[in-house]
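Accompanying notes for the structure given below.
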Amino acid sequence: MSDRRNDRLPTSWADRIAAQARGELTPVEPRRAATVVLLRSHADAGEAVEAYLLRRRTSMAFAGGAYAYPGGAVDPRDSAPGLGWAGPDAEAWGERLGVPADDARAIVCAAVRETFEESGVLLAGPDAASVVADVSGEEWRAARAALEAHEISFGEFLASRGLVLRSDLLGAWSRWITPEFEERRYDTWFFVATVPDGQRTAEVPGEADRVLWISPQAAAAHHAAGEFFMLPPTITTLRELSSFTTPDAALSAAKARAIDPVLARAEIADDGAIVVSWPGHPGLALRGHV
């Protein structure tokens, strides 16, 4: 079922789809990226899990004003083989994500790094059986700022504190590729994770003007009412998570999910009508006109 208030094709998309159909637009090569849906148990036992959302500033070049999850592009240094690591190794993640081991290492590292930068939650610990309990102090804020400014790599950050990345705390959920007609494109892997005990999300990060914890059902309802702007992968993930009553249940379900890339398809009818659809997700179709 589509959301009537959210199924209209953006004008900029219609123009670029028409240009692509005329052979006047060459698709931009997508950058690899990773994003993490942080989950926690709802304080009210009668509710399901809550997910952490941030609203991107309207000044952002990509998805300005949209509600999203912590995430961003892979940094070339994320693939450093000397990265402190615990949990499934790069080879295992490569099989799971459908990419070579070095690429998988970079994607998983980007997921953990971006989550720390944008939410203050750090999926790392001194060893394979523990997680840092509190990362809210001034030194941790300074480290986040240095990472965001690309002054240090995530591997250098972990090594300086004697920490290892806990890849076992992530569950691979899905993979979405930005439509070919978009100006900025990303090949993004979506993960789920639980906020470790003792940690809490930080203040509003630089790329956002609002953050909130909300149940997937409530967030989806705001989207359907036209109150929350979300891109198709964001709202789809929330809907998929709505049936889980605990974060552990969602992480367990992630193990069995197929990570096949989802890429939109645009069709132009003879009368100029445009329909953009996402295979396997009929409720996401957007409609417009040349």
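Can you name every residue in segment 223-242 that is more than 15 Å from the chain's Cα centre (by Cα) and part of a helix (DSSP H, G or I)?
223, 224
Given the criteria under 30 Å from residue 185 (Cβ atoms), surrounded by fewer than 20 Cβ atoms within 10 Å (Cβ to Cβ), among the aliphatic types (A, V, I, L, M) and in contact with an Asp or Glu (Cβ under 7 Å, 6 or more places away or on another chain), does residue 214 qualify?
Criteria met by residue 214.
Hey, which of the helices (runs of 4 or more DSSP H) in segment 65-184, taking only ones fully inside, have at least 1 residues that are in contact with a helix residue (DSSP H, G or I) (Cβ under 6 Å, 6 or more places away or on another chain) and among the aliphatic types (A, V, I, L, M)?
90-97, 101-119, 138-148
Test each condition in (1) within 21 Å of residue 110 (Cβ to Cβ); (2) open to solvent by less than 70 Å² (accessible area, probe 1.4 Å); (3) charged (D, E, K, R) for residue 260 and report the one that comes out false.
Unmet condition: (2).
Out of (1) closer than 13 Å to residue 53 by Cα; (2) open to solvent by 40 Å² or more (accessible area, probe 1.4 Å), the odd one out for residue 270 is which?
Status for residue 270: all satisfied but (1).
Just checking, which of 168, 187 is open to solvent by less than 20 Å² (accessible area, probe 1.4 Å) and over 14 Å from residue 53 (Cβ atoms)?
Working: 168 fails: open to solvent by less than 20 Å² (accessible area, probe 1.4 Å).
Among 168, 187, only 187 is open to solvent by less than 20 Å² (accessible area, probe 1.4 Å) and over 14 Å from residue 53 (Cβ atoms).
Does residue 179 fit the bill of being crowded, with 16+ Cβ neighbours inside 10 Å, within 17 Å of the chain's Cα centre (by Cα) and free of Cβ contacts under 8 Å to residues at least 60 places away in the same chain?
no
Would you mind finding the one in 279, 233, 247, 261 that is at pLDDT 90 or above and under 19 Å from residue 40 (Cα atoms)? Spell out the reasoning first.
On the way: 279 fails: under 19 Å from residue 40 (Cα atoms); 233 fails: under 19 Å from residue 40 (Cα atoms); 261 fails: under 19 Å from residue 40 (Cα atoms).
Only one candidate qualifies: 247.
Select from segment 194-211 the residues that are modelled with pLDDT of 95 or more and surrounded by fewer than 19 Cβ atoms within 10 Å (Cβ to Cβ) and list them in ascending order.
The answer is none; no residue qualifies.
Filter segment 115-139 down to the residues that are among the hydrophobic types (A, V, I, L, M, F, W, C) and open to solvent by less than 50 Å² (accessible area, probe 1.4 Å), then identify the one that is nearest to residue 38 (Cα to Cα).
Ranking the qualifying residues of segment 115-139, first place goes to 121.
The values are calculated or read from the model by the stated rules, or taken from the named source; none is laboratory data. The structure presented is a predicted model; accordingly, all values stated were derived computationally and were not measured. Quick reminder, even Gly has a Cβ in these numbers, built from the backbone with ideal geometry, and neighbours come from all protein chains shown. These accessible areas exclude ligands, DNA and RNA; they are computed on the full protein's heavy atoms, side chains included. Shrake-Rupley method; radii C 1.70, N 1.55, O 1.52, S 1.80 Å.
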